[in-house]
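Structure first, then comments.
Values quoted throughout were computed directly from the atomic coordinates according to the rules given, and no laboratory measurement underlies them. Because the structure is predicted, anything quoted here is derived from the model rather than measured. Backbone-built Cβ (ideal geometry, glycine too); neighbour counts: all protein chains shown.
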């Protein structure tokens, strides 16, 4: 993970010195390569340390950092544009140089603090490590990693529920990416100037952070996942409709608050939903990679459907985003029904060893 972070920081810093568009394209590809491994690796490690009904708060807390920092990044970016011409360097280059240097520094610091897997950690005593492993083992029976082989990868990929999680995650990252990419443009379409658009882009993320953690805390407390994913998805739908069809710009801005809050609450919820219903490190590794990769596809989808010719309301993009939320509700209903049926059959003795683990039941 340190290699990933330092690598993308160095690449981003290098983007500030590219002489042509072709070099910028090359560095952007390298940025994607380095950055791609970090988020699934962090999700994977977090889910190996905690019991199933403790994990969403941790995932939400981790995700909230990106939500809050992402919310203030337009303001930070605007501040860096004030360096225009300093040292003979253009403003957009300063953004890459400074943010790249910060990322490199944080990557080096992270090497000292990012924990290993529970069975390999070096910061707990032997007794504390045994406690962590025994808690995980009693909860789902996979405290000790199993060997990842090609046969296991192919077997895990044949589980249709993994692809359902991935599609749900893609659907929920799409509005999050769309708002992240286009919120400043949408605000400018409402009549605000450049500076005010940058400043107004941050409050929706602060609100989203509060909603995200509240949903995570309640979900862990009640040991329920699907119902809160459904509620957050409906909240996203409400916000999208307000942004698309409200007449007053203030109401459209409120829609951005609501849509961003719903999407942000969904992201750790779906990650927890998938992690809670998986046993073994090998399947967790494959599932996390697939699910998070589909989240990246959601970002590609967002940049494709929000087209310049649809300015200022971007109705086609919003309709596509609404369609994704409706698909999430369908997939959620199908997986929940399947898990409830399997749990019932297991309790009746008609199914044994769900996910190959005696005493395991799906979290719904």
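Inter-part distance, the stretch 79-147 to the stretch 183-227, computed on C-alpha centroids, equals 24 Å. Given a Förster distance of 35 Å, report the FRET efficiency between residue 341 and residue 297 from their Cβ-Cβ distance, rounded to the nearest 0.05. For residue 341 and residue 297, the calculated efficiency is 0.75.
Where a ≥ b ≥ c are the square roots of the eigenvalues of the C-alpha gyration tensor, would you call the stretch 281-330 rounded, which needs a/c under 1.5, or, failing that, prolate if a/b is larger than b/c, or oblate? Taking the square roots of the gyration eigenvalues as a ≥ b ≥ c, the stretch 281-330 is oblate.
Percent of C-alpha pairs per 20 Å bin in the chain, short distances first: 27, 56, 16, 0. Starting from the Cα gyration tensor of the stretch 142-233, take the square roots of the eigenvalues, sort them a ≥ b ≥ c, and report rounded, prolate or oblate (rounded when a/c is under 1.5, otherwise prolate if a/b is larger than b/c, else oblate). Verdict is prolate for the stretch 142-233. Stokes-Einstein diffusion for the stretch 231-364 at 37 °C, viscosity 0.692 mPa s, with a Kirkwood radius from C-alpha pairs, works out to 193 µm²/s.
The stretch 308-350 and the stretch 1-36 have Cα centres lying 34 Å from one another. Among 266, 206, the ranking by other beta carbons within 10 Å of each residue's beta carbon, starting with the fewest, stands as 206, 266.
If R0 equals 51 Å, the separation of the Cβ atoms of residue 24 and residue 350 corresponds to a calculated FRET efficiency of about 0.30. Taking only the alpha carbons of the stretch 83-177, we obtain Rg and Dmax values of 21.9, 61 Å in that order.
Placing a pseudo-label 7 Å from each Cα along the Cα-to-Cβ vector at residue 238 and residue 54 gives an inter-label distance of 3.3 nm. The value given for the stretch 6-110 is a Kirkwood hydrodynamic radius of 15.5 Å, derived from the mean inverse Cα-Cα separation.
The modelled label-to-label distance between residue 1 and residue 251, using points 7 Å beyond Cα along the C-beta direction, is 4.5 nm.
Each of 67, 234 has some number of other Cβ atoms within 10 Å of its Cβ, and from fewest to most they run 234, 67.
When the square roots of the Cα gyration tensor eigenvalues are ordered a ≥ b ≥ c, the ratio a/c for the stretch 193-243 is 1.5 or more and a/b does not exceed b/c, which makes its shape oblate. Taken over the alpha carbons of the stretch 155-303 as equal point scatterers, the Debye sum produces base-10 log I(q)/I(0) values at 0.19, 0.20, 0.21 Å⁻¹ of -1.09, -1.17, -1.25. Computed from the C-beta positions of residue 334 and residue 222 and an R0 of 25 Å, the FRET efficiency is 0.70 to the nearest 0.05. Computed over the stretch 294-359, the alpha-carbon pair-distance distribution with 10 angstrom bins reads 18, 29, 19, 17, 12, 4, each value a whole percent. Subtracting the Cα-Cα distance of residue 357 and residue 75 from their residue separation scaled by 0.36 nm leaves 96.6 nm. For 286, 241, the sequence from fewest to most other C-beta atoms within 10 Å is 241, 286. Helix-only arithmetic for the chain: the sum of -39500 (n - 2.57) across DSSP H runs with n ≥ 4, divided by the residue total, places the mean residue ellipticity at 222 nm at -26500 deg cm²/dmol. Distance between the modelled labels on residue 158 and residue 123, one decimal in nanometres: 4.0 nm (7 Å Cα→Cβ projection).
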